[in-house]
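Peer 1: Supplied in structure tokens, the structure appears directly below.
The values are calculated or read from the model by the stated rules, or taken from the named source; none is laboratory data. Note that the coordinates shown come from a computational prediction; the quantities given were computed from them, not determined experimentally. Methodologically, a virtual Cβ is constructed for each residue, glycine included, from the backbone with ideal geometry; neighbour enumeration extends over all protein chains shown.
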Amino acid sequence: MKNLVILISGRGSNMVAIAEACAAEGWDARIAAVISNRSDAGGLVYAQQNGIPTAVVNHRDFEDREAFDATLAQVIDGFAPDLVVLAGFMRILTPGFVQHYAGRMLNIHPSLLPAFPGLHTHRRAIEAGCKVAGTTVHVVTPELDHGPIVVQAVVPVRPDETEDTLAARVLVMEHQAYPRAVRWWIEGLLESTEDGRIVHRHGESQALMGG
């Protein structure tokens, strides 16, 4: 059975989606821990109510990013993770931390990468006149919001779209895309090509379409 450690900074809605899919679909995996850099993260309550171990490593308690990441890695490793899942974890990770979990750490970003890395993705997509927007699950690399793409989910950008309405529809697709990507990883259905892309071993579509 695979151990998943999920990192959150807030409500953890993607963490909840993954945990619920794991239970409903009978994955050969368990959520070994939910860890946050904020003690008031709402997702910790869900985890505790569902018997999932939790931990807090407050980034404000450390002088620099390296010290925080070193302690965070120690806490994560205490749960013997096979996969580390970033689910709204709002910290930029050091290259050393990323290398420590190379090939076994996933992230979700609310844009169709490589477009719009960083913050305010929905606003930027609307301002750029994009006709579609979406979300990307990718393997974490030292470069922020980059790395091989595992799954993308797409929604149309409507003529009357606002940042909030687009964010809400993209979030619905996040809750579909992230559990799918994690399940594929657990089941060994993902492989790297010679040019560094991630593909599904059996050719299953890595794109989801939403309304």
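Peer 1: For region 189-211, which residues satisfy the criterion of being without any contact (Cβ under 8 Å) to a residue 12 or more places away in the chain and at positive phi?
Peer 2: Within region 189-211, 203 is the sole residue that qualifies.
Peer 1: For a quick check of your reading of the model, give me the residue pairs whose first member lies in region 132-154 and is outside the structural domain of residue 91 (by TED's automatic domain parsing) and in contact (Cβ under 8 Å) with a residue 12 or more places away in the chain, whose second is assigned to a loop (DSSP other than H, G, I, E, B) and among the aromatic types (Phe, Trp, Tyr), with beta-carbon atoms closer than 9 Å and at least 6 apart or on different chains.
Peer 2: Going by the 9 Å Cβ cut-off, the qualifying pairs are 133/116; 140/101; 145/116.
Peer 1: Still on this structure: Which number in (1) buried (at least 21 other Cβ atoms within 10 Å of the Cβ); (2) under 19 Å from the mean Cα position of the chain (by Cα); (3) outside any strand (DSSP E or B) marks the one condition that residue 150 misses?
Peer 2: Result: residue 150 fails condition (3) only.
Peer 1: Moving on to the next point. Which residues, taken from region 182-211, are in a strand (DSSP E or B) and more than 18 Å from residue 2 (Cα to Cα)?
Peer 2: Of everything in region 182-211, those that are in a strand (DSSP E or B) and more than 18 Å from residue 2 (Cα to Cα) turn out to be 192, 198, 199, 200, 207, 208, 209.
Peer 1: Moving to a separate point now. Among the candidates 89, 79, which residue alone is closer than 24 Å to residue 109 by Cβ and either assigned by TED's automatic domain parsing to the domain that holds residue 174 or at pLDDT 95 or above (or both)?
Peer 2: Criteria check complete, one pass: 89.
Peer 1: I've got another one for you. Can you go through 170, 155 and tell me which one is in contact with a Pro (Cβ under 6 Å, 6 or more places away or on another chain), closer than 16 Å to residue 211 by Cβ and modelled with pLDDT of 95 or more?
Peer 2: Selected residue: 170, the only one of 170, 155 that is in contact with a Pro (Cβ under 6 Å, 6 or more places away or on another chain), closer than 16 Å to residue 211 by Cβ and modelled with pLDDT of 95 or more.
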